[in-house]
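Engineer: Structure in structure tokens, see below.
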Amino acid sequence: MGKIAEPSFGIILESVNTQPDRASRRLAQQFALMALPVLLLCAPGCTTLDVVTGKQVMNFYTLEEDSQLGRQVLHRNIEQMRKAGVAINQDPVRLRQLSNIVTRIAAVSHLPDLPYTVTLFHTGIVNAAAAPGGAIMVFEGLFDPQKGLVRDEDELAAVLAHEIAHVNCRHTTERLSALALAGLATELIASCAENEDAETAQALRRVFNIAALLVVPRYSRQDEYEADRVGIFYMARAGYDPRAAVRIWKRVAEKEPGGWGPLSILATHPGAAERARALEKLLPEAMQEYEKAGRRAAVY
């Protein structure tokens, strides 16, 4: 996590002189103006290949660091659940089912060698989540006959394929990298302004923070659509019927979003009907992959 540590540009500029004279202020401004282009030029040097799209993306993390972060996230979630009285479900039948599905989907993913794991939480929350590096978390509410989201193994595979797609697209660490760079730029500009006027600096920070809040949800929606798109092909290549992904979101569209609960998988996701339509457009190609997977299985 050292690579996204709290930025120090502001501290350096502010600690040079608590009562700067005009020359010091000018020097600080010049430093900030020179440093900002350097900061922006450094960003391409932090790019890495997105194995899913084949494009260069900004990501400060290695795959090993993704896995380390994922283990930390899983540990925190287990601790938080434990404090809330939620235990880990050790049901061997359910865990075997989940592990088998994850193993099959991971094998046809772009990053099959990640240390994928599955943890099942004994709670009625309708959710599944993935931490970087392949730590998949599933909540029992998914299987609830009345309130749950999945009705059969293909639908469960659709949910898990979506989460594995997030892992392969490395959405979490890409977003952390973007936020880290934005934070550095914000502090640099605000620190320069603070030498002139503390109120101006605070206003700048507020503007940048509001801008970040507006940008993040949009990117989150893009991430979800990408995970849908990638996930439907993962499940098809693993031998699961991709039509199940469409069924899930059509079912969700029939129910009020708030009815699933604020912690559900649906709370921050794009509209269900919209997602179902987008997935339906991919079905002809996904069905071809599904049929190929069936033929391969028949050979073996």
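None of the figures in this text is laboratory data; all of them are computed from the coordinates on show. Nothing here was measured: the structure is a model prediction, and the numbers come from that model. For neighbour counting, all protein chains shown are included, and Cβ atoms are generated from backbone atoms with ideal geometry for every residue, glycine included.
Engineer: Which of the three applies to segment 51-117, rounded, prolate or oblate, going by the alpha-carbon gyration tensor with a ≥ b ≥ c and a/c under 1.5 meaning rounded? Kindly include the intermediate steps, with their values, before the conclusion.
Structural biologist: Working: a/c = 3.43, a/b = 1.39, b/c = 2.46.
In terms of gyration-tensor shape, oblate.
Engineer: Give the lysines reachable from Lys255 as a straight Cα distance under 16 Å; neighbours fewer than 8 places away on the same chain don't count.
Structural biologist: Cα-Cα hits under 16 Å: Lys147.
Engineer: Tell me the net charge near Arg71. Cut-off is 13 Å between Cβ atoms, Arg71 excluded, with +1 for each Lys or Arg and -1 for each Asp or Glu. Write out the running numbers ahead of the final one.
Structural biologist: Working: positive: Arg76; negative: Glu64, Glu65, Asp66, Glu79.
My count for the surroundings of Arg71 gives -3.
Engineer: Please work out whether segment 97-183 counts as rounded, prolate or oblate from its C-alpha gyration tensor, where a ≥ b ≥ c are the square roots of the eigenvalues and a/c under 1.5 means rounded, while otherwise a/b larger than b/c means prolate and anything else oblate?
Structural biologist: Working: a/c = 2.46, a/b = 1.50, b/c = 1.64.
Oblate shape, in that a/c is at least 1.5 and b/c is the bigger or equal ratio.
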